[in-house]
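Enquirer: The structure that follows is given in the form of structure tokens.
Nothing in this text is a laboratory measurement; each read-out follows from the coordinates by a stated rule. Keep in mind the model is a prediction, meaning the values are calculated, not measured. Positions of Cβ are backbone-derived with ideal geometry, glycine not excepted, and every protein chain shown enters the neighbour counts.
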Amino acid sequence: MAMHRFLMAAGLLTSAFAVPGMAVAEEAANGHGPVIEAQEWSFAPPFGGFKQGQLQRGYRVYKDICASCHSMRFLSFRNLAEVGGPHFSPAAVEMLASQVQVTDGPDAKGEMFQRPGRPSDRFPSRFANDEAARAANNGALPPDLSLMAKARAGGADYLYALLTGYQQAPAGFDLTQGMQYNTAFAGHQIAMPNPLVDGIVPYTDGTEPTVDNYAKDVSAFLMWSAEPTLEERHKVGARVMIFLFVFAFIMFLAKRAVWERLHRRDHSHTA
Amino acid sequence: MAHPSTYKPTSGFGKWIDTRLPFPRVVHDQFMVFPTPRNLNYWWTFGGILTFMLVLQMMTGIVLAMHYVPSADGAFDSVEKIMRDVNWGWLLRYAHAVGASMFFVAVFIHTFRGLYYGSYKAPREVLWILGVLILLLMIATAFMGYSLVWGQMSFWAVTVITNLFSSLDSLIPGLGTTLVEWIWGGFAVGGPTLNRLYSLHYLLPFVIAGVVILHIWALHVPGNNNPTGVDVKTERDTIPFHPYYSIKDGFAIVLFLIVFAALLFYVPNYLSHPDNYIPANPLQTPPHIVPEWYFLPFYAILRAIPSKLFGVIGMLGAIAVLFIVPWLDTSRIRSTSYRPIYKWFFWLFVITCIALGYLGAQAPDGWYLFFGRAFTIYYFAFFLLIMPIVGLIERPKKLPGSITQSVLGSQASKPPSPPPPGPDDREGLA
């Protein structure tokens, strides 16, 4: 990855424009590494955005499956109403938030108390702390998912490959007790059990409730949660690029007009 | 170039201030009518681009500092708060992070341009040395800035780089360890380290700005070098900085901004490492600790040398050797365009720097290590052997008689013409 980045930066020295959109199938190149294939995503640069329905389904998968072990500490319920995100209605967000119990306080008597969640509350965490999470998961710590799509090489492609990469270990593979074989995971041994089976999360919008769709939807949702301003960035980017191209053209004409004076002078004295 | 002042204050206030603080006179003489060689190509626009980038980094940085929390517990979360909750915070932060990369793209091109055209040769040695000093300060500033994210790669980069000082233990036992603990403000990289890096990261850009002013001052005494390396001989060889180069630099800045914006808006994380989106964890070392791309050539040199102490010396020496380049180059002429032998060594040196950058990202073993060592040897041989020797034995190509002749051919031998139209010349606009 660092090598690709360096070469691209070196390429900038000579090229005027960088080609965006490179989902890297990382170590796959050296033959024995994890296999991560690039997928078609609605949010690919330069013009892509999130599909609202996909993010809503992805949230559903997160809430029903992932959240039983993984926290998302940078997300609040209010974020679910954001434009360029799942864009749930305010009423739906109120409802989703109120389904959880939040510890608040201290009150006037110095006591902590439980109350229903509000949109301003963070997503609840299944475990009180990392130690509790490890104790419940055979010593493995389920990482926070808020930034997961940016914290792994391959991004959403990697997450999709991981969630659909559970297989029977090949003959002769030395699988440690309590671990699972996964084609996308580095070293192919992952502590997380296969979380998805067909039909485990009901979909109400007509989308097929398959592992493939779950994996795609939740990967897109995690991309949004890692980069909630992605859509805005692409939109602002388009305007900025148009502005800069027009500006560059005007500057080119102005520069040429100014230097014409010099050329006229040279010719008037040498003709 | 030092030239008689042509500024004539017209207004009452203009005359009043001119005898007290002649700032308008300096602007007029140094940035409006300043005589500039007429043949500067687009490689000469990177000085203006760098000034623009320095200002942009300071402006985005100052606003980011209003929202950033410089503590081991708060740093990572405050960066995420900037990305999610601060209005336009994502734009500020990505502009600052991608801006650092673009700053280095520009400074590397600027440095290679100086090397190619012999811009360090007399009488521009001080100008060059100040430039190398700016490069050194930029490296320090960028390193400290990267640490502030306090992600895994930030934390471990700080650990690796600060630990380099412990190599001094092999000179005087205890010296390195003491120094490293003093830098850390403790027995490991932690909150105190982050706080001092933050303080210095805010300070150093202003030091850079100060040295930039000296750099421009040192430029304006001998004046610009130019692609022929031939000195300015007559007034005909020069044109006023404004409007000719102000408009050319302006155009170049807009082109540069197009590349910058493409990275910033479409692939803002492409030049950074995914591990830096994992909060710093002192108990878990990432499998590969790699610096930002602009440090990779130096990192490759560090790892090519077997001894830790000499590795550090080699890495620092790769920059330090630039300071003495004006005295290593024995060539009688400046521009590599007229040096048939040296030209090949120069381009091999450019390839070496790119190759070292590639190797800096690879694990240092097998062929990677072999080539890392080979290119490291060439890197230093280029300065310490090739520059002095080739300059002595080489017969340069025939230089043009003057800058004007290089632009206009033999027509330039015609009698001198009046000075070129300046900014106040209305007729020229017709």
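Enquirer: Going by alpha carbons, how many degrees (0 to 90, nearest 10) lie between the helix axis of B:241-266 and the longest principal axis of chain B?
Expert: So the inclination is approximately 30 degrees.
Enquirer: Next question. Please work out whether chain B counts as rounded, prolate or oblate from its C-alpha gyration tensor, where a ≥ b ≥ c are the square roots of the eigenvalues and a/c under 1.5 means rounded, while otherwise a/b larger than b/c means prolate and anything else oblate?
Expert: oblate
Enquirer: Next question, about the same structure. Can you give the extra length, in nm with one decimal, that the chain gains between A:A136 and A:A191 once fully stretched, where that is 0.36 nm per residue apart less the Cα-Cα distance?
Expert: 18.6 nm
Enquirer: Sticking with this one: Across the residues of B:383-396, average count of Cβ atoms on other protein chains within 10 Å?
Expert: If you average over the peptide's residues, the count of other-chain Cβ atoms is 0.
Enquirer: Put +1 on the Cβ of every Lys and Arg and -1 on every Asp and Glu Cβ in the stretch B:215-313; which of B:A280, B:T228, B:F251 then has its Cα farthest towards the positive end of the dipole?
Expert: Value computed over the given set: B:A280.
Enquirer: Hand me the chymotrypsin sites (Phe, Trp or Tyr not before Pro) from the stretch B:163-260 located in a DSSP loop with no more than 10 other Cβ atoms within 10 Å, in residue order please.
Expert: Here the sparse-neighbourhood loop sites are B:F187.
Enquirer: Going by the alpha-carbon gyration tensor, a ≥ b ≥ c the square roots of its eigenvalues, is the protein assembly as shown rounded (a/c under 1.5) or, if a/c is not under 1.5, prolate (a/b greater than b/c) versus oblate?
Expert: Prolate shape, in that a/c is at least 1.5 and a/b is the bigger ratio.
Enquirer: Next up: Under a crude label model (7 Å from the Cα following the beta-carbon direction), how far is B:D231 from B:K398 in nanometres?
Expert: Going from the B:D231 label point to the B:K398 one covers 2.2 nm.
Enquirer: Further, regarding this structure: Test of understanding: in a Gaussian network model of chain A with alpha carbons linked when under 10 Å, which of A:G178, A:G206, A:G48 would top the mean-square fluctuation ranking?
Expert: A:G206
Enquirer: Mind jotting down the distance between the C-alpha centroids of the stretch B:92-141 and the stretch A:48-70, whole Å?
Expert: Here the two parts' Cα centres lie 46 Å apart.
Enquirer: Further question: For the pairs A:K150/A:K235; B:K8/B:K248; B:K233/B:K398; B:K121/B:K397, flag any whose C-alpha to C-alpha distance is greater than 24 Å.
Expert: B:K8/B:K248
Enquirer: Sticking with this one: Is there a simple number for the mean count of other chain Cβ atoms within 10 Å of the Cβ of residues in B:77-83, and what is it? Provide the component values of the computation, followed by the final result.
Expert: Details: counts 2, 0, 0, 5, 1, 0, 6.
Per-residue shielding by partner chains comes out at 2.
Enquirer: Taking each residue of B:243-256 in turn, how many C-beta atoms of other protein chains fall within 10 Å of its C-beta, and what is the average?
Expert: Per residue, the number of nearby Cβ atoms from other chains is 5 on average.
Enquirer: Sticking with this structure for a sec: Relative contact order (percent) for the stretch B:35-407, with alpha-carbon contacts under 8 angstrom and 6 or more residues of separation?
Expert: Relative CO of the stretch B:35-407 lands at 25 percent.
Enquirer: Now for a different question. Go through the stretch A:126-135 residue by residue and turn each phi into a ³J(HN,Hα) via Karplus (6.51, -1.76, 1.60, θ = phi - 60°); whole Hz please, and just put x for glycine and proline.
Expert: 5, 10, 5, 7, 4, 5, 5, 5, 5, 4
Enquirer: Applying 1/(1 + (r/R0)^6) with R0 = 35 Å to the Cβ-Cβ distance of B:Q30 and A:E40, what FRET efficiency is obtained, to the nearest 0.05?
Expert: Values: r = 56 Å, r/R0 = 1.59.
That pair, B:Q30 with A:E40, gives E of 0.05.
Enquirer: Based on alpha-carbon centroids, what's the gap between the stretch A:205-271 and the stretch B:315-385 in Å, whole number please?
Expert: 36 Å
Enquirer: Continuing with this model, one more query. With angles folded into 0 to 90 degrees, how steeply does helix B:308-323 sit against the dominant principal axis of chain B? Use alpha carbons for both and round to 10.
Expert: 10 degrees
Enquirer: I'd like the distance separating the alpha-carbon centroids of the stretch B:143-166 and the stretch B:1-34, in whole Å.
Expert: If we compute the Cα centre of each part, the gap is 47 Å.
Enquirer: Using the alpha-carbon atoms, what tilt in degrees (0 to 90, nearest 10) does helix A:230-270 show relative to the longest principal axis of chain A?
Expert: Once rounded, one gets 10 degrees.
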